[in-house]
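The values are calculated or read from the model by the stated rules, or taken from the named source; none is laboratory data. Everything quoted here is computed from the prediction, not taken from an experiment. Because the Cβ atoms are built from the backbone with ideal geometry, glycine has one as well, and the counts that use them run over all protein chains shown. Accessible surface is based on the protein model in full, side chains and every heavy atom, while ligands, DNA and RNA are left aside. Shrake-Rupley method; radii C 1.70, N 1.55, O 1.52, S 1.80 Å.
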Amino acid sequence: MASPLVVRELSKDFGALRAVDGVSLEIQDGQVHSLIGPNGAGKTTVFNCVSGFLRPAGGQVLLDGLDVTGWPAHRLVAAGLARTFQITKVFGDLTVFENVALGARSRLGRNLQMWRDARNVADAQAGAEEILDMLGLAEHAGANADHLAHGDKRILEIAIALALRPRLLMLDEPTAGMSPGETAHIGDLIRRIAKHTSVLLVEHDMEMVLGISDEITVMTQGRVIASGTPDAVSRDPHVQDAYLGEVDVMNL
Amino acid sequence: MNFFFVSVLNGVVYGCFLLLTSLGLSLVFGLGRVVNFAHGALYALGGYALIVGMHGAGAGYWPALILAPLLVVPVAILIERVAIFPIRHRPEIYTLLVTFGISFMIVGAIEYAFGTGTTLLPPPAPFVTTVDIFGNQYPVYRLLAAVVSLFVSAGVFAVILFTPVGLRIRAVTDDPGMAEALGVNTKWLLTLVFGCAAGLAAFAGALGAPIFAVHPEMGTNILLDSFLAVILGGLGNLAGSVIGAFVVALAKSIGGGYVTDWSIAVLFLVVAIALIFRPTGVFGRGRVA
Amino acid sequence: MRLLQSALFGLFALSLCLFANGPAVAQDAVKIGVLTIRSGPAKPIGDDILAGIETATQMYGPVLGSPVELVIEESLFNPQQAVTKATKLVQQNQVSGILGTSTIETLALLSVADRLGVPIITSNSGSAAITRERCNRWVFRTNAEDLMSALSLQELVRLTPELQGAKWFTLGHDYPWSRLVAESVKGVENLEYVGDTFAPLDTTDWAPFIAQARAAGATAVIMPVTLGTPLLQFIQQANEFGLTNEAMLVSPIGLPDWLVAKLGETSTHVVSAGSWAAWRYEESDSTTRDFNEAFFEMHGRVAGMQALQSASAALMLYNAITKAGSAEPEAVVGALETIEVNTPVGPLMFQPDGRQALVPLFLGPYEALDTPRYGASFGQRATAFPASKSLPKTAAEYGCNLG
Amino acid sequence: MTIAVVAGLLAILPFVGAAPFTITLLTEGLIFAIWAMSLDILVGYTGLVTFGHAAAFGLGSYAAGFFAREVTTDFFVTLLFAEVVVIAVAVTIGFVVTRVSGIAFAIISLCIAQVLFQIAVAWRDVTEGMDGLVGVPLPKMFGVTINAGTELYLLTVVTLAAVCIGLRRLVESPFGRTLQAIRTNEDRAAAVGINVRLNKWLAFIISWAVAGVGGTLMVFLKAGTTPMSLHWTESGNVLVMTIFGGLGTLFGPVIGAISFVFLRDEFTTRFEAWQLAFGFVFVVVVLAFPTGLAGIIARVWRSLWPVRS
C-alpha cells in the first residue's frame, strides 16, 4: 500500500522570495507526522501547497500514490485529504450539527442535490451524529457555531474534517490559543484519530509535538533541516542550533 | 493625425481631472476598506458649495474654489462618524450599501435645497478663451484645470510619502492590525482621510463646474469613471489608481472619437475582462476580496 | 443601539410630516391627471408643462359648471413608472383625461391605453410613430412630431442664407430620433452632408464628439441632443472649444425658454427649426399674448415652448368635454375628433381620422431682445411654418388606421 | 403549507373589496418579490453582492416581450423562450463572473449589465433602441386571454407561490446549505470538498432564471419594456428591496419588494425630494436593522409570544 502522502522537492515563490525550497517528506500509514519550525519557516506554505490552496512552483505531491500536484482543494478532498485552518474558520451562521453534516454529505457526493431536504440525507445525518458524539460536541449540536467557546470551535474544525472520512488529516496548529488542559485533550484526540487516519500536524507546542508524534520534520527558511523520530530530532545539533535554541530564547 | 492628437489631449486632460476623485476613493478604501458610493454625491456637493460661495457669499471664482472643499469636509466627517464608523466591523460590502443610500440622500437634499436645474458657470475671466496647439483650438481653462489637478494630486502623493500622517496612512493600509498594535489611532485616521478625500472630490466638483456645469446628478458619471479607474488600478493602490485614471480617460476619449455610441460599452467590457483575469486590479498589488 | 434606533425612527417620522402635503379633494370637480417629470435633471421641462396646464385651467374657468382639479403625478421620466402612475390616476383618482407626458412615457402608455380607457393628450412627444403606425384611439398629440419638424428644417435652410451651402454634420445622442434627424438632413436636396456621430446617452464630456465635427470641417452642426442638462453642457462646451465661431448650431426642435435664459448670450449661436411653440408668436396672434400675460402673472416668468404646448393640449381637452356635455371618456374622444380651438399656438384641430393635431411650427434664430419681456432677455425670432406644409398627407397615408 | 395559506389569502384579496389600484400595485410588488427572491439566492445565500441584477430581469422582459409580439402570446411558450434566452446568457456570463467574489464581483456584474444596456440601446432591429419595446399584447393561457387587473394578478400570485415553494426547497436542500457555506467562507467550503466555482455558477444561473420569470410577468404587466429596465439604478433598487426585507430569509425580500413598491408610490406622489426620504429609510435599515424587515418582524413576534421562541 502506498504512503498516504509523499511530497517531493516542493517549491513555492512569492515574488522574489523563495518561501519553500525543495521540501520533501513522506508520511507512513497510521502515523502522526509533525512539521515544525520557527515563524516564517514555510510550514504553512507547504501546508497550503499540499492542500490545494496554493499552486506549487515546482515539485510533486502524491496522495496514496496518485499524483495530485496542483489539484484544487475540493478535488483533493474527494481524493481523501482533509485539513483544518490555523485561524478558526467554521461556518458561523450554521448550527454545529450542520457544519459537520456538510462534511458528511460532501463525502457522500450529495452536496449538489437541490430537491430533497438536507435533513433527509440519512447517511450524512448518522455520520455527523457519530462524529459529534466521539468528539464530545453532541450537547452543542443545535447551537450556532458562532456561539461556541474558542476551544470547542477548534474541535469543531477537526470534526468537520473528520466527517470527510479522510485518508490523511492535515491539522494547522490545532491548539492555537488553547489552555494547557485543552491542549492535552487535543493531543489525546489526535492519537485516537491516528488509529484510522494518518495525520500531518503543524504545531508550535513542542511538548505536545514531542509527545504524540511518530515522526517529525523540521524546517527553517523554506528548507528541511532534519527529519526522524522525536528522539532523533531533538538530539540533532542542527535543530538545536536553528530552532530549539530560539524557542529557549523566546521562553525567557 | 490631428484628430487623433486632439483625442489623446482630451483624454490626458480628463485623466488629470479624474485623478482628484480617484485618489480619494482609493485612499479611503485602502485605509478603511470603505467602498464609498457617495463619492459622486460629494463631488456634486462641491459644485453646489462653489455656487454658495459665488452667488451666496458673493466671492469670486478662485476664493469660492478654495472655500468649496472646506464646506464639504465637515459634512463628510459627519457622514463617516454617523454612518460608516458604526459598521466598520461588518463585511466591507456594507459600506457600499450604506454609502449608496447616503448618495441618494445627498442628491435628494441638493434637489430639495437648490432645485433640480442646471447652473452654467463661465470660466473665470482671463481663461475664457482658446489657445492654438498645433493648429487645434483648445480651451485654456481645460488646460489650466488639468495642471491644477496635477499639482493637487502631486500634493496628495507628497503628503502620503513624506509626512508623519502619510507614514501612518501607509502603515494602516499595509497592515491595519499591525499598525494598531504599534499605537496608530486608526479610528480617527479614517475619519480624517475620509474627510480629506471628500474635500478632494468637492474640489474636483468645483474645479470642473465651468466645464461640466453644476446639477444634482453631476456626480453619477464621475463616480462610475473613478470606480473603474480605481478598480483597474487595484483598490487601495494609489499608483495603480493614477494609471487607471488615465486608462479610463483615454479609453473614453479615443473610444468616443472612433467608436462613438459603443465607447462606454467597450470601456465596461475592458474593465470586466481585466478584472476577471486580475481580480485584484491590473496594475500592481491591490486588494479586492 | 436601541436609543439610536428610536432616534432614527423619530427622525424618519418627522421627515414624513415635514414633506407630506396631501391634496385636498373637491367632490364635484372635473379631475384631470397631469403625469409629468417632477424630479431629476429634466424637471424644468415638467415644471413648464405643469405651469402651462395650470395657466390654461385658470383661464378656461369651470368646465361643465364644475371647477377643474388637477391631479399631479410624478412619472420619474421612467416609462414603467409612468404606466403605474397612469394606472393610479385612472383607478384611484378617476381622472377624465391625462396630460403632460413626454415621448418615452407616451410610448409606454400607448401599450396600455386600451386598458386605461381615458383620453391621453400629449404635448411634448416627438416620436412620429405615436400618431402614425402606432396610433391609438385614446392617444392624441398637440405638438408637431419629428417628421413634421424635419420638413420644417428644409424651410429653415431656405430662409437662412448662412445655412445654404454649409457643410452639415449631425452630432447627437444615440436615440432613434437622432438617427432620424440625420436621415432627414441627408434627404434635403442640394445639401452637403459631411458626417455624423452619436454619443452614448450619459455623455457629459462632449470634447471627443466636438473634435469629430471639427475634423469633418462642419459649418452647420445639427444637434439632436436631449433637451435639458445634456444640451446645455453640449452648447457650453461647443462654445468653450470655439466651435460656435466656425459653425452654426442648428437645433432640430425648439429650445425651452428656461434653457435659452441659462445659455444667455451663447444662445445667439443657435438657430432652431421645428419649434413646437414660440412666445413671440404673440406679435401676430393675440391669443398667444393673452396667454403669455396670464402665464407671467401666475408664474412670474416667460411661457416656454412646453408651457404653450401643454396649455394648448389642456384647452383642447376642456373644450372637448364642454362640447361632449360630459366627462365620459368615449364622448370626450368623439368630441376631440371634431373640435377646433383657438390656442396659444394658433387654431388647432386634429387630423381627420387621425390623432395628430394640425399644428404650425416655428423657425428662426435666438437673439437678444431690445427690451426684456416677461423677464426674458433672449428669445426665438419666430416665423410660422403652417401645418398644411408639414403634414401634407392623411392619417391613413401615414399608416394610422384606427379601424 | 404557510406558503399555500398566504397565497390563498393574497388570491382572495380582489374579491373582498381591495381597490383596483391596490391590486395593480400589489401585482407589481409580487413580481418584484420574485426578482428580489432571486437576488436573495445570490446575495443572501451565496454572499455574492451584485450591482447588475437588472440585467437578468430586463433580459427576461426583452426576450418575452419580443417573442410575445412576434411569435405567440401563449404564456407558457413565451416563458419557455424567455427562460432559454436568460439561462443561455447566464451560463455564459456566470461561467466568467463567478471566478471572482466580493467587490470585484459587484463591479464586474455592474459592467456586464451596462454592456447589456448598451446592446438594448443599439440593437434597434430587435429592441427599438431607447424608445423601447412597446405594444406587447396580453398573454394567453390555453387559448384564453389573461386580462390586466385581477386575472394577471392571480397569475402572478400563482407564479410567486410556485417560485416560493421551489426556492424554499432549494435553500433547505444540501445544495442550499452548500451555498450558505460558501457565503460564510469560500476557503473553508473548498476544504470540505465543495467545488466553490461550480456551486457559485449554478447559484448564478438559478438566480438569473428566477429573475427571468419575474421579467416575463413584468413585460406583460407593463405591455412593454425599455433599456431603462437594464440600467444599474434598477439593480440598486432590487438590492434595496432585498436588503430592506432581510437577506437570507426568502420571505424577507417578498415583504421588502411589496413595501418598496408601496413606499415608492407614496413617496413619489407626496414628495418632490423623494430621493432624500428614500435614501434615508435605506440607510436607517442598513445601519440599525441589518436583518431587515424580516428581522424586525421576527423580533416583534418573539416579544409577543415569548414562550414560542
**OP:** Search segment B:1-15 for residues that are at pLDDT below 85 and in a helix (DSSP H, G or I) and pair each with any residue that is exposed (fewer than 14 other Cβ atoms within 10 Å of the Cβ) and among the hydrophobic types (A, V, I, L, M, F, W, C) when their beta-carbon atoms are under 8 Å apart and the residues are at least 6 apart or on different chains.
**Re:** B:ASN2/B:PHE134
**OP:** Taking the residues in segment C:235-265 that are open to solvent by less than 10 Å² (accessible area, probe 1.4 Å) and either in contact with an Asp or Glu (Cβ under 6 Å, 6 or more places away or on another chain) or closer than 19 Å to C:PHE77 by Cβ (or both) as candidates, determine which candidate is nearest to the other protein chains (Cβ to nearest Cβ).
**Re:** C:LEU259
Original post:
For residues in segment B:86-99 being open to solvent by 20 Å² or more (accessible area, probe 1.4 Å) and part of a helix (DSSP H, G or I), which is nearest to the other protein chains (Cβ to nearest Cβ)?
Top reply: B:ILE93
**OP:** Give the residues of segment B:74-85 that are among the aliphatic types (A, V, I, L, M) and open to solvent by 40 Å² or more (accessible area, probe 1.4 Å), sorted by residue number.
**Re:** B:VAL75, B:ILE77, B:LEU78, B:VAL82
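Name the residues in segment A:163-174 that are under 18 Å from A:ALA101 (Cβ atoms), open to solvent by less than 20 Å² (accessible area, probe 1.4 Å) and either among the charged types (D, E, K, R) or in a helix (DSSP H, G or I) (or both), would you? Step through it out loud before you land on a result.
Kept after step one, since they are under 18 Å from A:ALA101 (Cβ atoms), are these residues of segment A:163-174: A:163-166.
Among the residues that remain, those that are also open to solvent by less than 20 Å² (accessible area, probe 1.4 Å) are: A:163-164, A:166.
Correct list: A:ALA163 only.
Let me confirm something: among B:LEU50, B:LEU45, B:LEU20, B:LEU27, which residue is under 13 Å from B:VAL73 (Cα atoms), crowded, with 24+ Cβ neighbours inside 10 Å and either in contact with a strand residue (DSSP E or B) (Cβ under 8 Å, 6 or more places away or on another chain) or not polar (S, T, N, Q) (or both)? Before the answer, list the steps.
Numbers: B:LEU50 fails: under 13 Å from B:VAL73 (Cα atoms); B:LEU20 fails: under 13 Å from B:VAL73 (Cα atoms); B:LEU27 fails: under 13 Å from B:VAL73 (Cα atoms).
Within the list B:LEU50, B:LEU45, B:LEU20, B:LEU27, the selection yields B:LEU45.
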Original post:
Any residue in segment A:104-122 that is touching an Asp or Glu at 6+ places or on another chain (Cβ under 6 Å) and more than 10 Å from chain D (Cβ to nearest Cβ)?
Top reply: no
Subject >> Among (1) more than 14 Å from every other protein chain (Cβ to nearest Cβ); (2) aliphatic (A, V, I, L, M); (3) part of a helix (DSSP H, G or I), the one test that A:ILE160 misses >> reply: (1)
Original post:
Can you tell which of B:ASN237, B:ASN221 is closer than 26 Å to D:PHE105 by Cβ, polar (S, T, N, Q) and more than 13 Å from the chain's Cα centre (by Cα)?
Top reply: B:ASN237
Original post:
Among the residues of segment D:95-104, is any within 12 Å of another protein chain (Cβ to nearest Cβ), within 15 Å of B:PRO279 (Cβ to Cβ) and touching a Lys or Arg at 6+ places or on another chain (Cβ under 7 Å)?
Top reply: yes
Subject >> Which numbered condition D:PHE262 misses (of (1) within 12 Å of another protein chain (Cβ to nearest Cβ); (2) open to solvent by less than 30 Å² (accessible area, probe 1.4 Å)) >> reply: (2)
Original post:
When both residues are 6+ apart or on different chains and their Cβ atoms are under 8 Å apart, which pairs have a first residue that lies in segment D:11-22 and is within 9 Å of another protein chain (Cβ to nearest Cβ) and under 20 Å from C:VAL90 (Cα atoms), and a second that is at pLDDT below 90 and not in a loop (DSSP other than H, G, I, E, B)?
Top reply: D:THR22/D:LEU13
Subject >> Members of segment D:232-257 that are within 23 Å of D:GLN180 (Cβ to Cβ), away from chain B (no Cβ under 12 Å) and open to solvent by 10 Å² or more (accessible area, probe 1.4 Å) >> reply: D:GLY248, D:THR249, D:PHE251, D:VAL254, D:ILE255
Subject >> Some residue of segment B:184-191 being out of contact with any helix residue (DSSP H, G or I) (no Cβ under 9 Å at 6 or more places or on another chain), closer than 30 Å to B:PHE100 by Cα and surrounded by fewer than 23 Cβ atoms within 10 Å (Cβ to Cβ) >> reply: yes
**OP:** Answer yes or no: is there a residue in segment A:95-113 that is out of contact with any Ser or Thr (no Cβ under 6 Å at 6 or more places or on another chain), outside the structural domain of A:HIS147 (by TED's automatic domain parsing) and among the basic types (Lys, Arg).
**Re:** no
Original post:
If you scan segment C:352-392, which residues turn out to be open to solvent by 10 Å² or more (accessible area, probe 1.4 Å), closer than 15 Å to C:MET148 by Cα and of a type in the set (S, T, N, Q)?
Top reply: C:SER388
Subject >> Search result, residues across segment B:31-50 that are part of a helix (DSSP H, G or I) and either within 13 Å of another protein chain (Cβ to nearest Cβ) or at positive phi (or both) >> reply: B:GLY40, B:ALA41, B:TYR43, B:ALA44, B:GLY47
**OP:** Can you confirm whether segment C:274-285 contains a residue that is of a type in the set (S, T, N, Q), open to solvent by 40 Å² or more (accessible area, probe 1.4 Å), assigned to a loop (DSSP other than H, G, I, E, B) and modelled with pLDDT under 90?
**Re:** yes
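Each row is one residue, and each column tells you yes or no for (1) touching a Leu at 6+ places or on another chain (Cβ under 6 Å); (2) assigned to a helix (DSSP H, G or I); (3) farther than 19 Å from D:THR50 by Cα.
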residue: D:GLN114; (1), (2), (3): no, yes, no
residue: D:GLN118; (1), (2), (3): no, yes, no
residue: D:VAL121; (1), (2), (3): no, yes, yes
residue: D:VAL136; (1), (2), (3): no, no, yes
residue: D:ASN147; (1), (2), (3): no, no, yes
residue: D:GLU151; (1), (2), (3): no, yes, yes
residue: D:VAL158; (1), (2), (3): no, yes, yes
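Give segment D:143-153 a look and list any residue that's within 15 Å of D:LEU13 (Cα to Cα) and surrounded by fewer than 19 Cβ atoms within 10 Å (Cβ to Cβ), or say none.
Our first condition is that a residue be within 15 Å of D:LEU13 (Cα to Cα); within segment D:143-153, this holds for D:149-153.
Those that are within 15 Å of D:LEU13 (Cα to Cα) and surrounded by fewer than 19 Cβ atoms within 10 Å (Cβ to Cβ): D:GLY149, D:THR150, D:GLU151.
Listed residues D:ALA190, D:ALA181, D:ALA223, D:ALA209; which is under 28 Å from D:LEU133 (Cα atoms) and within 14 Å of chain A (Cβ to nearest Cβ)?
Numbers: D:ALA190 fails: under 28 Å from D:LEU133 (Cα atoms); D:ALA181 fails: under 28 Å from D:LEU133 (Cα atoms); D:ALA223 fails: within 14 Å of chain A (Cβ to nearest Cβ).
That would be D:ALA209, the only listed residue that is under 28 Å from D:LEU133 (Cα atoms) and within 14 Å of chain A (Cβ to nearest Cβ).
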**OP:** Answer yes or no: is there a residue in segment A:80-87 that is over 22 Å from A:GLN28 (Cα atoms) and of a type in the set (Ser, Thr, Tyr).
**Re:** no
**OP:** Could you check D:GLY193 against (1) under 30 Å from A:ALA145 (Cβ atoms); (2) assigned to a helix (DSSP H, G or I); (3) of a type outside the set (Ser, Thr, Tyr) and say which number it fails?
**Re:** (2)
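Restricting attention to segment D:160-190, report how many residues are outside any helix (DSSP H, G or I) and among the hydroxyl-bearing types (Ser, Thr, Tyr). Write out each step before concluding.
Taking segment D:160-190 as the starting set, the residues that turn out to be outside any helix (DSSP H, G or I) are D:173, D:185.
After this cut, where a residue has to be among the hydroxyl-bearing types (Ser, Thr, Tyr) as well, the list is D:173.
Result for segment D:160-190: 1.
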Subject >> Members of segment C:115-146 found to be open to solvent by 10 Å² or more (accessible area, probe 1.4 Å) and not in a loop (DSSP other than H, G, I, E, B), listed by number >> reply: C:ARG115, C:LEU116, C:ASN124, C:ALA128, C:ALA129, C:ASP146
Original post:
Restricted to segment B:100-127, and to residues that are facing another protein chain (nearest Cβ under 8 Å) and in a loop (DSSP other than H, G, I, E, B), which residue is surrounded by the fewest Cβ atoms within 10 Å (Cβ to Cβ)?
Top reply: B:GLY115
Original post:
at pLDDT 90 or above and within 14 Å of chain D (Cβ to nearest Cβ): does that describe A:THR84?
Top reply: yes
